[in-house]
Amino acid sequence: MNENPSYYAIIPAGVRYDKQLPQGAKLLYGEITALSSKSGSCWASDQYFMTLYEVGQTTIQRWLRALEDSGYIERHVKYKDGTKEIEKRYIKIRTDPMPKNGNTYSQKRVYPMPKNGQENNTSINNTTTTLGEPELINFWEKNGFGFISPKNREDLMYWVDDFKKIGSTDEQAVQVVKQAMSNAIDNNVRRYSYVNAILKNWESLRLTSLEAVTAYEAQRTQRQKSKSTSRRASTDVYHNQGDVQDEDLPW
(Lines give C-alpha, C1' and ligand atoms only; values in the text may rest on other atoms or scores of the structure.)
Protein backbone atom coordinates (compact mmCIF):
# COMPACT_ATOMS: atom_id res chain seq x y z
CA MET A 1 0.00 0.00 0.00
CA ASN A 2 1.51 3.28 -1.12
CA GLU A 3 -0.76 5.75 0.60
CA ASN A 4 -0.15 7.11 4.09
CA PRO A 5 -2.97 7.91 6.51
CA SER A 6 -3.77 11.51 7.29
CA TYR A 7 -3.60 12.81 10.83
CA TYR A 8 -7.32 12.52 11.43
CA ALA A 9 -9.94 9.83 11.13
CA ILE A 10 -13.55 10.88 10.71
CA ILE A 11 -16.40 8.84 12.16
CA PRO A 12 -19.68 10.72 11.66
CA ALA A 13 -22.48 10.46 14.18
CA GLY A 14 -24.50 8.18 11.90
CA VAL A 15 -21.73 5.60 12.05
CA ARG A 16 -20.77 6.13 15.68
CA TYR A 17 -24.29 5.62 16.99
CA ASP A 18 -25.44 2.91 14.57
CA LYS A 19 -26.19 0.13 17.03
CA GLN A 20 -26.34 -2.40 14.22
CA LEU A 21 -22.62 -2.01 13.46
CA PRO A 22 -19.94 -3.99 15.31
CA GLN A 23 -17.59 -1.66 17.18
CA GLY A 24 -14.70 -2.88 15.06
CA ALA A 25 -16.51 -1.82 11.89
CA LYS A 26 -16.80 1.71 13.26
CA LEU A 27 -13.04 1.88 13.89
CA LEU A 28 -12.43 0.45 10.44
CA TYR A 29 -14.59 3.17 8.91
CA GLY A 30 -12.45 5.79 10.65
CA GLU A 31 -9.28 4.19 9.31
CA ILE A 32 -10.73 4.19 5.79
CA THR A 33 -11.42 7.91 6.02
CA ALA A 34 -7.85 8.51 7.22
CA LEU A 35 -6.47 6.52 4.31
CA SER A 36 -8.74 7.98 1.67
CA SER A 37 -7.32 10.35 -0.89
CA LYS A 38 -9.02 13.53 -2.00
CA SER A 39 -11.18 11.45 -4.31
CA GLY A 40 -12.56 9.64 -1.29
CA SER A 41 -11.03 6.25 -2.11
CA CYS A 42 -8.88 3.93 -0.01
CA TRP A 43 -6.66 1.27 -1.61
CA ALA A 44 -5.60 -0.51 1.60
CA SER A 45 -5.58 -4.31 1.45
CA ASP A 46 -7.17 -6.75 3.87
CA GLN A 47 -3.67 -7.62 5.05
CA TYR A 48 -3.06 -4.00 6.06
CA PHE A 49 -6.20 -3.95 8.21
CA MET A 50 -5.48 -7.42 9.61
CA THR A 51 -2.06 -6.28 10.79
CA LEU A 52 -3.41 -3.00 12.13
CA TYR A 53 -6.21 -4.52 14.21
CA GLU A 54 -4.61 -7.93 14.87
CA VAL A 55 -7.61 -9.86 13.59
CA GLY A 56 -8.17 -12.40 10.83
CA GLN A 57 -9.32 -11.79 7.28
CA THR A 58 -12.77 -13.20 8.06
CA THR A 59 -13.32 -10.48 10.65
CA ILE A 60 -12.11 -7.71 8.32
CA GLN A 61 -14.37 -8.94 5.54
CA ARG A 62 -17.37 -8.98 7.85
CA TRP A 63 -16.68 -5.47 9.09
CA LEU A 64 -16.42 -4.28 5.50
CA ARG A 65 -19.65 -6.05 4.58
CA ALA A 66 -21.37 -4.50 7.59
CA LEU A 67 -20.32 -1.01 6.47
CA GLU A 68 -21.24 -1.73 2.88
CA ASP A 69 -24.68 -3.15 3.66
CA SER A 70 -25.35 -0.18 5.91
CA GLY A 71 -24.62 2.13 2.98
CA TYR A 72 -21.52 3.77 4.47
CA ILE A 73 -18.97 2.51 1.94
CA GLU A 74 -18.73 1.04 -1.55
CA ARG A 75 -16.21 -1.57 -2.62
CA HIS A 76 -14.91 -1.84 -6.17
CA VAL A 77 -12.28 -4.04 -7.80
CA LYS A 78 -9.93 -3.44 -10.70
CA TYR A 79 -9.11 -6.48 -12.82
CA LYS A 80 -5.92 -7.12 -14.75
CA ASP A 81 -6.38 -6.46 -18.45
CA GLY A 82 -8.09 -9.31 -20.24
CA THR A 83 -8.44 -11.46 -17.11
CA LYS A 84 -10.69 -11.98 -14.13
CA GLU A 85 -7.74 -11.71 -11.75
CA ILE A 86 -8.14 -8.87 -9.27
CA GLU A 87 -5.34 -6.31 -9.49
CA LYS A 88 -6.57 -3.85 -6.87
CA ARG A 89 -9.53 -3.27 -4.65
CA TYR A 90 -10.60 0.18 -3.56
CA ILE A 91 -13.07 1.37 -0.96
CA LYS A 92 -15.02 4.55 -1.42
CA ILE A 93 -16.75 6.49 1.33
CA ARG A 94 -20.36 7.11 0.38
CA THR A 95 -21.52 10.68 0.64
CA ASP A 96 -25.17 9.59 0.66
CA PRO A 97 -25.32 6.75 3.19
CA MET A 98 -29.03 7.26 3.96
CA PRO A 99 -31.02 4.44 2.29
CA LYS A 100 -34.14 5.31 0.32
CA ASN A 101 -36.40 3.85 2.99
CA GLY A 102 -35.36 6.65 5.32
CA ASN A 103 -33.74 4.45 7.98
CA THR A 104 -30.24 5.18 9.20
CA TYR A 105 -29.10 1.72 8.18
CA SER A 106 -29.90 -0.95 5.63
CA GLN A 107 -32.49 -3.58 6.46
CA LYS A 108 -30.25 -6.30 5.00
CA ARG A 109 -27.68 -7.58 7.50
CA VAL A 110 -24.86 -10.06 7.08
CA TYR A 111 -23.83 -10.38 10.71
CA PRO A 112 -25.73 -11.41 13.84
CA MET A 113 -27.04 -8.77 16.21
CA PRO A 114 -29.14 -9.27 19.35
CA LYS A 115 -32.73 -8.08 19.32
CA ASN A 116 -32.03 -5.06 21.49
CA GLY A 117 -29.37 -3.87 19.05
CA GLN A 118 -26.45 -3.93 21.50
CA GLU A 119 -23.01 -5.10 20.45
CA ASN A 120 -21.88 -8.44 21.82
CA ASN A 121 -18.80 -8.07 23.99
CA THR A 122 -18.07 -10.08 27.12
CA SER A 123 -15.92 -7.30 28.55
CA ILE A 124 -18.79 -4.82 28.32
CA ASN A 125 -22.09 -6.60 28.66
CA ASN A 126 -22.62 -10.16 29.83
CA THR A 127 -26.41 -10.07 29.52
CA THR A 128 -26.63 -9.35 25.80
CA THR A 129 -26.75 -12.57 23.78
CA THR A 130 -27.59 -13.85 20.33
CA LEU A 131 -29.52 -17.04 19.65
CA GLY A 132 -27.30 -20.05 20.38
CA GLU A 133 -24.53 -17.94 21.87
CA PRO A 134 -24.75 -19.19 25.49
CA GLU A 135 -24.64 -22.82 24.29
CA LEU A 136 -21.57 -22.26 22.14
CA ILE A 137 -19.71 -20.18 24.72
CA ASN A 138 -20.46 -22.71 27.45
CA PHE A 139 -19.23 -25.56 25.23
CA TRP A 140 -16.05 -23.64 24.35
CA GLU A 141 -15.10 -22.81 27.93
CA LYS A 142 -15.98 -26.22 29.39
CA ASN A 143 -14.01 -28.25 26.86
CA GLY A 144 -10.50 -26.96 27.21
CA PHE A 145 -10.43 -24.03 24.77
CA GLY A 146 -9.98 -21.61 27.67
CA PHE A 147 -11.80 -18.38 28.41
CA ILE A 148 -13.26 -17.11 25.16
CA SER A 149 -12.08 -13.73 23.93
CA PRO A 150 -14.55 -11.13 22.61
CA LYS A 151 -13.09 -11.61 19.12
CA ASN A 152 -13.55 -15.40 19.11
CA ARG A 153 -17.01 -15.02 20.59
CA GLU A 154 -17.96 -12.61 17.82
CA ASP A 155 -16.45 -14.83 15.11
CA LEU A 156 -18.35 -17.91 16.27
CA MET A 157 -21.61 -16.01 16.01
CA TYR A 158 -20.63 -14.76 12.58
CA TRP A 159 -20.26 -18.39 11.57
CA VAL A 160 -23.76 -19.14 12.83
CA ASP A 161 -25.02 -16.32 10.64
CA ASP A 162 -23.02 -17.52 7.63
CA PHE A 163 -24.50 -21.02 7.77
CA LYS A 164 -27.97 -19.56 8.07
CA LYS A 165 -27.29 -17.70 4.85
CA ILE A 166 -26.63 -20.93 2.95
CA GLY A 167 -29.78 -22.63 4.23
CA SER A 168 -29.34 -23.69 7.86
CA THR A 169 -32.03 -23.05 10.42
CA ASP A 170 -30.99 -21.25 13.61
CA GLU A 171 -30.67 -24.55 15.46
CA GLN A 172 -28.82 -26.29 12.62
CA ALA A 173 -26.30 -23.45 12.32
CA VAL A 174 -25.52 -23.58 16.04
CA GLN A 175 -25.12 -27.37 15.96
CA VAL A 176 -22.78 -27.22 12.96
CA VAL A 177 -20.52 -24.70 14.70
CA LYS A 178 -20.61 -26.79 17.86
CA GLN A 179 -19.66 -29.90 15.90
CA ALA A 180 -16.63 -28.11 14.47
CA MET A 181 -15.46 -27.52 18.03
CA SER A 182 -16.11 -31.20 18.82
CA ASN A 183 -13.94 -32.23 15.87
CA ALA A 184 -11.17 -29.96 17.13
CA ILE A 185 -11.42 -31.63 20.54
CA ASP A 186 -11.30 -35.11 18.98
CA ASN A 187 -8.10 -34.12 17.19
CA ASN A 188 -6.72 -32.46 20.34
CA VAL A 189 -6.33 -29.11 18.58
CA ARG A 190 -8.23 -26.67 20.74
CA ARG A 191 -7.62 -23.50 18.76
CA TYR A 192 -10.02 -21.15 17.02
CA SER A 193 -7.93 -21.22 13.84
CA TYR A 194 -8.51 -24.97 13.59
CA VAL A 195 -12.27 -24.62 14.19
CA ASN A 196 -12.35 -21.83 11.62
CA ALA A 197 -10.64 -24.02 9.00
CA ILE A 198 -13.18 -26.80 9.56
CA LEU A 199 -16.09 -24.40 9.20
CA LYS A 200 -14.64 -22.88 6.02
CA ASN A 201 -14.51 -26.35 4.47
CA TRP A 202 -18.07 -27.22 5.51
CA GLU A 203 -19.37 -23.87 4.30
CA SER A 204 -17.72 -24.35 0.90
CA LEU A 205 -19.42 -27.75 0.66
CA ARG A 206 -22.73 -26.19 1.78
CA LEU A 207 -23.21 -28.61 4.65
CA THR A 208 -26.14 -26.96 6.36
CA SER A 209 -27.04 -29.48 9.07
CA LEU A 210 -25.43 -31.78 11.62
CA GLU A 211 -26.70 -34.76 9.62
CA ALA A 212 -24.98 -33.51 6.47
CA VAL A 213 -21.76 -32.88 8.37
CA THR A 214 -21.86 -36.33 9.98
CA ALA A 215 -22.44 -38.04 6.62
CA TYR A 216 -19.60 -36.09 5.00
CA GLU A 217 -17.16 -36.84 7.82
CA ALA A 218 -18.07 -40.56 7.72
CA GLN A 219 -17.39 -40.65 3.98
CA ARG A 220 -14.13 -38.77 4.42
CA THR A 221 -12.99 -41.21 7.13
CA GLN A 222 -13.86 -44.14 4.89
CA ARG A 223 -11.91 -42.66 1.99
CA GLN A 224 -8.89 -42.17 4.22
CA LYS A 225 -9.11 -45.79 5.40
CA SER A 226 -9.38 -47.01 1.82
CA LYS A 227 -6.32 -45.00 0.81
CA SER A 228 -4.39 -46.34 3.80
CA THR A 229 -5.38 -49.93 2.93
CA SER A 230 -4.39 -49.38 -0.68
CA ARG A 231 -1.00 -48.02 0.33
CA ARG A 232 -0.37 -51.01 2.61
CA ALA A 233 -1.36 -53.41 -0.14
CA SER A 234 1.00 -51.70 -2.59
CA THR A 235 3.81 -51.93 -0.05
CA ASP A 236 3.16 -55.64 0.51
CA VAL A 237 3.18 -56.31 -3.24
CA TYR A 238 6.46 -54.43 -3.57
CA HIS A 239 8.11 -56.41 -0.78
CA ASN A 240 6.77 -59.70 -2.10
CA GLN A 241 8.11 -58.91 -5.56
CA GLY A 242 11.43 -58.12 -3.97
CA ASP A 243 11.46 -61.53 -2.29
CA VAL A 244 10.75 -63.28 -5.58
CA GLN A 245 13.49 -61.35 -7.31
CA ASP A 246 15.93 -62.26 -4.58
CA GLU A 247 15.14 -65.93 -4.98
CA ASP A 248 15.67 -65.74 -8.78
CA LEU A 249 19.12 -64.21 -8.50
CA PRO A 250 21.79 -66.52 -10.02
CA TRP A 251 24.16 -66.25 -7.09
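The values are calculated or read from the model by the stated rules, or taken from the named source; none is laboratory data. Computed from a predicted model, the values in this text were never measured in an experiment. Neighbour counts run over all protein chains shown; Cβ positions are idealised from the backbone, glycine included. Surface areas here come from the heavy atoms of the whole protein model, side chains and all, with no ligands, DNA or RNA. Shrake-Rupley method; radii C 1.70, N 1.55, O 1.52, S 1.80 Å.
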- Item | Phi to ³J(HN,Hα) by Karplus 6.51 cos²θ - 1.76 cosθ + 1.60 over region 201-209, Hz, x for Gly, Pro | 5, 5, 5, 5, 8, 6, 8, 9, 9
- Taking the dipole of region 140-217 about the Cα centre (Lys, Arg +1; Asp, Glu -1; charges at Cβ), the one of Ser168, Asn187, Phe147 that reaches farthest to the positive side is Phe147
- Rank Phe139, Phe49, Phe147 by accessible area, highest first, at a 1.4 Å probe radius? Phe147, Phe139, Phe49
- Query: If you place +1 on the Cβ of every Lys and Arg and -1 on the Cβ of every Asp and Glu, how big does the dipole about the Cα centre of region 153-222 come out, in debye to the nearest 20?
  - Reply: 200 debye
- Query: With all protein chains present and a 1.4 Å probe, how do Glu31, Glu87, Glu54, Glu133 order by accessible area, largest first?
  - Reply: Glu54, Glu87, Glu31, Glu133
- Task: Please tell me which of these pairs span more than 18 angstrom C-alpha to C-alpha: Lys26/Lys164; Lys142/Lys178; Lys200/Lys227; Lys26/Lys92; Lys178/Lys200; Lys164/Lys200?
- Result: Lys26/Lys164; Lys200/Lys227
- Long-range HN-HN contacts of Arg89 with modeled amide H, under 5 Å: Lys78
- Using a 1.4 Å probe on heavy atoms of the protein chains only, the accessible area for Ile148 in Å², nearest 10, reads 0 Å²
- Query: Short version: ³J(HN,Hα) in whole Hz for each residue of region 49-61, in order, from phi by Karplus 6.51 cos²θ - 1.76 cosθ + 1.60 (θ = phi - 60°), x for Gly and Pro, what are they?
  - Reply: 5, 4, 5, 5, 9, 6, 10, x, 5, 4, 5, 4, 4
- How much accessible surface does Ser193 have with a 1.4 Å probe, in Å² rounded to 10? 70 Å²
- Residue-by-residue Karplus 3J(HN,Hα) for region 65-74, coefficients 6.51, -1.76, 1.60, Hz, glycine and proline x: 5, 4, 5, 5, 5, 7, x, 8, 9, 10
- Residues whose modelled amide H sits under 5 Å from the amide H of Thr208, counting only those 5 or more places away in sequence or on another chain, are none
